[in-house]
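Report on the following structure.
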Amino acid sequence: MGARGSVATTAVAGCAAVAAGLQPATGLVTETAPFADSGSGSGDGSGAGLPALGDLVFGGHDTATTPLPKRAEALAADGVLPYGLPDAVRAELTAADDAIRPGGPQPGDTRDDEELIAAFAHDLDEFARTHRLARVVVVNVASTEPAPTDGERLPPSSLYASAALRAGCPYVNFTPSAGLHHPRLRAEAARAGVPYAGRDGKTGQTLLRSVLAPMFAQRALPVRAWSGTNLLGGGDGAALADPAAAAAKNAGKARVLADTLGELPDGELHIDNVPALGDWKTAWDHVAFDGFLGSRMVLQTIWQGCDSALAAPLVLDLARLTARAHEAGLTGPLTELGFYFKDPDGGPSALADQYTALTGFAARLREQP
């Protein structure tokens, strides 16, 4: 979902490049030894039984109309993709773009929720049949939505999530949007018998927080205040300029601190849209804490990175892991995948503990037929 956005385009292009040996598998945790018995970036799916990168087929839904090859060219011009890569994987980008269907609801669309869900589920079934796929994993990488209200209509993310359940597809919510977390979908998710994971991919600032917060707790250093600022552009920056969407995003960032430190420290978190930054972002954190005998200390961090390049390998990891979980007959929330999320469906909050759970999940998959 959001198949023509920056994250999806980078994931499709990157998967093709790594599978063909054109680029190393940097950032792909599923290509490290606990999963693949190989650090070579071969993408052969060995070890935990994950599908090979070269076996993945891409399609999706989007309201945007810019074809993936053109989107990839724009990302290369901005320095997100390597120079020449869009041409090298143009066939794969074109094939994926041919499998993208119109998203919705579009302005003026008179279909009700049930009709939209049925249409999206039909597209998923048709995608599987056309490409003779063993299974389809639905991953939401669309723009962040405001938190749902008490209105009768489901938000788009929840329409797509419901369609995934109806089509029997594993589901991953890489965004802070409601998706399967909508109250009206809880019973449906419990009955569906498919694995799912989410929500809100942990790519930068919160990744650092999940490492640093346990350090303060374990060293008995009380945190007095933790503030942060995010500067970003692109589609995500434009979407998060909406205060309601930014609030949904910040909720996951705050949860990491509250869960690890026992309470949410004082401080503010701001997300500012800077269109000139494009797909690049800067995140700054200011941590005020106490040392021995009440000495006042401060830690500051600056994270500068490319959001799509940070997110894309995680999206590929999650697609492979949930596909393998589905093949192994696992159902319900995959709490072991909390390593990838700001707001996971349970499990520990510290990154080191989450990594232990993730590698334990890899061992579990090795034992599954």
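The values are calculated or read from the model by the stated rules, or taken from the named source; none is laboratory data. The structure presented is a predicted model; accordingly, all values stated were derived computationally and were not measured. Cβ atoms come from the backbone with ideal geometry, glycine included; neighbour counts cover every protein chain shown. Side chains included, ligands, DNA and RNA excluded: accessible areas come from the protein's heavy atoms. Shrake-Rupley method; radii C 1.70, N 1.55, O 1.52, S 1.80 Å.
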Collect residues whose amide H, placed 1.01 Å from N in the peptide plane, falls under 5 Å from the amide H of F341; neighbours closer than 5 in sequence don't count. K202
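Considering only protein heavy atoms, what per residue accessible area in square angstrom results for the range 315-369 with a 1.4 angstrom probe?
Details: 1960 Å² over 55 residues.
On a per-residue basis, the range 315-369 sits at 36 Å².
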Residue among L314, L264, L337 with the largest mean-square fluctuation in a Gaussian network model of the chain, springs linking Cα atoms under 10 Å: L264
Using 0.36 nm per residue, how much length does the chain from E263 to A328 gain when fully extended, once their Cα-Cα distance is taken away? 19.6 nm
Go ahead and run the numbers for FRET between D109 and Q304, Cβ-Cβ distance against an R0 of 41 Å, rounding to 0.05. 0.55
Carbon and sulfur: what percent of the chain's accessible surface (1.4 Å probe)? 54 percent
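Can you tally the lysine pairs in the chain where the Cα-Cα distance is under 17 Å and the two residues are eight or more apart, or on different chains?
Working: K202/K249; K202/K253; K202/K281; K202/K342; K249/K281; K249/K342; K253/K281; K253/K342.
The result is 8.
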In degrees, nearest 10, the alpha-carbon axis of helix 68-77 is tilted away from the dominant principal axis of the alpha carbons of the chain by 40 degrees
Per residue value of the accessible surface for the range 59-163 (all protein chains in place, 1.4 Å probe), Å²: 52 Å²
Tell me which trypsin sites (Lys or Arg not before Pro) from the range 122-221 have a DSSP coil assignment and no more than 15 other beta carbons within 10 Å of their own. R132, R135, R153, R219
List the residues, sorted by chain then number, that are 5 or more residues from Q23 or on another chain and whose placed amide H is less than 5 Å from its amide H. V18
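Determine the shape class of the chain: with a ≥ b ≥ c the square roots of the Cα gyration tensor eigenvalues, call it rounded for a/c under 1.5, and otherwise prolate if a/b is greater than b/c, oblate otherwise.
Since a/c stays below 1.5, the shape of the chain is classed as rounded.
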I need the phi-derived Karplus couplings for the range 188-197: 6.51 cos²θ - 1.76 cosθ + 1.60, θ = phi - 60°, integer Hz, Gly and Pro marked x. 5, 5, 5, 7, 5, x, 10, x, 8, 8
Relative contact order (percent, whole number), the chain, Cα cutoff 8 Å, 6+ residue spacing: 20 percent
Roughly what % of DSSP beta bridges within the chain run antiparallel, to the nearest 5? 55 percent
